[in-house]
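Since the structure comes first, as structure tokens, the remarks are kept for the end.
Every read-out reported here was derived from the displayed coordinates using simple, explicitly stated rules and does not represent laboratory data. None of the values given here were measured: they were computed from a predicted structure. A quick note on method: Cβ atoms are made from the backbone with ideal geometry, for glycine too, and the neighbour counts reach across all protein chains shown.
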Amino acid sequence: MSMDLKELAGTSRKVLEEVEKVILGKGATVELAFIGLLSGGHILIEDIPGVGKTTLAKSFARAIGATFSRIQFTPDILPSDITGVNIYNQKTGDFVFRPGPVFNNIILADEVNRGTPKTQASLLECMEEFQVTVDGETRLVPRPFFVMATENPIEFHGTYPLPEAQLDRFLLRISLGYPSKYEEISIMDSQSLEHPLRTIGTVCSSEEILDMQSASKQVYMDDSLKGYIVDMVIKTRSHLAVQLGASPRGSLGIMRASKARAFLEQRGFVIPDDIKFVADSVLNHRLILKPEEAMSGMTASRVISEIMSSVPVPVSRHVPLR
């Protein structure tokens with residue numbers, strides 16, 4: 001470690017403070033997004049246009065001194081437009097690899113559901129294995145590597161719904177939502193002269209983010225809390241409103257995300273509140289409701305809330321942050 005755990009945790013709070021200068025009134029959502037990055041996962045932002053999804057991604061890139069690229073998904077975008085392509089050099093007689101936009105630290109995959117299934121799938125290898133294979137040659141993407149994909153939940157014309165296998169690759173699904181009246185006035189004030197993105201400073205390096213990712217993995221989780229997570233996930237498989245519950249990847253996701261949340265809170269141990277904070281965002285895109293339940297107004301988040309209310313909360317042993 002380049003810094004001790006407490007210093008790293010303190011620096012992580014500074015990153016959040018920088019981003020919250022721009023994304024006003026959405027502290028919990030910003031924290032969930034950062035948890036996705038610290039967990040080494042990726043997030044799906046399901047929201048309407050104009051609420052700050054692009055700004056959120058750019059803010060994190062600036063705050064951690066990372067490279068950033070935005071990919072606008074359209075029906076005619078090709079996999080090679082994302083991963084890169086080999087181009088023939090007439091002077092040398094060799095093929096030269098021209099890297100695509102995925103060779104950056106933070107990727108905004110905007111309106112990912114507008115890309116064809118083949119193009120959507122081109123992200124899968126990058127997200128899961130942190131590498132790209134083009135013409136039989138494998139190249140590693142830079143680390144940290146963090147995909148923030150967006151989709152519009154309202155507009156369906158010209159879209160290709162993400163298959164369950166791809167949805168499962170996202171650690172968290174979050175939503176920014178509309179700001180309150182006073183938050184919207186604050187946004188207007190903050191952008192009256194210049195975009196607040198210009199005020200964001202770099203408070204850590206990409207290398208320190210890798211240290212934070214490693215540190216969050218070392219956070220202690222009591223066996224009773226592991227059982228608490230599994231009990232919740234198992235109940236998603238037997239809930240009367242659910243057609244298909246969460247897989248073991250859901251349990252692993254809650255564990256990783258709750259450890260990252262404890263690290264952000266400068267604790268060396270997970271408590272039940274950490275699990276409750278991340279559970280809905282980790283599980284809500286992994287449940288398939290029965291059609292009749294969905295038509296009657298039932299939602300995955302409501303199912304998860306019912307399950308959390310019914311599963312007994314254990315008393316865990318704590319280990320201090322060293």
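The table below lists the values:
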{"quantity": "Sparse-neighbourhood loop sites, GluC sites (Glu not before Pro) in the stretch 135-228 - DSSP loop, at most 14 other Cβ within 10 angstrom", "calculated": "Glu155, Glu194"}
{"quantity": "Scattering curve values for the stretch 133-225, log₁₀ I(q)/I(0), Debye with Cα scatterers, q = 0.11, 0.20, 0.21 Å⁻¹", "calculated": "-0.71, -1.21, -1.20"}
{"quantity": "Ellipticity estimate at 222 nm from DSSP helix runs (n ≥ 4, -39,500 (n - 2.57)) divided over the chain, nearest 500", "calculated": "-13500 deg cm²/dmol"}
{"quantity": "Alpha-carbon Debye profile of the chain, log10 I(q)/I(0) at 0.09, 0.14, 0.15 Å⁻¹", "calculated": "-0.49, -1.18, -1.32"}
{"quantity": "Trypsin sites (Lys or Arg not before Pro) within the stretch 33-99: DSSP coil, no more than 16 neighbouring Cβ in 10 Å", "calculated": "Lys91"}
{"quantity": "Long-range HN-HN contacts of Gln243 with modeled amide H, under 5 Å", "calculated": "Ile288, Leu289, Lys290"}
{"quantity": "Footprinting exposure proxy for Leu44, Leu252 (fewest neighbouring C-beta atoms within 10 Å first)", "calculated": "Leu252, Leu44"}
{"quantity": "Within straight-line cross-link reach of Lys53, lysines at Cα separation under 29 Å, skipping those fewer than 8 residues along the same chain", "calculated": "Lys14, Lys21, Lys26, Lys118, Lys181, Lys217, Lys259, Lys276"}
{"quantity": "Long-range amide H partners of Val134 with built H, under 5 Å", "calculated": "Arg139"}
{"quantity": "Residues Ile23, Ile254 arranged by fewest to most Cβ contacts within 10 Å", "calculated": "Ile23, Ile254"}
{"quantity": "Alpha-carbon centroids, the stretch 53-76 and the stretch 103-159: separation in whole Å", "calculated": "12 Å"}
{"quantity": "Global geometry of the stretch 1-104, whether rounded, prolate or oblate, following the gyration tensor of its Cα atoms and the 1.5 cut on a/c", "calculated": "oblate"}
{"quantity": "Cross-link reach list, aspartates and glutamates versus Lys290, counting only Cα pairs under 19 Å and skipping chain neighbours closer than eight places", "calculated": "Glu164, Asp168, Asp280, Glu306"}
{"quantity": "Karplus 3J(HN,Hα) series, Hz, for the stretch 283-291 with 6.51 cos²θ - 1.76 cosθ + 1.60 (x for Gly, Pro)", "calculated": "9, 5, 9, 9, 9, 10, 7, 5, x"}
{"quantity": "Ser180, Ser12, Ser80 arranged by Cβ crowding within 10 Å, fewest neighbours leading", "calculated": "Ser180, Ser80, Ser12"}
{"quantity": "Full-extension gain in nm, Arg70 to Asp94, via 0.36 nm per residue minus C-alpha separation", "calculated": "5.7 nm"}
{"quantity": "Taking N as its residue count, the alpha carbon Rg of the stretch 219-312 over 2.2 N^0.38 Å", "calculated": "1.09"}
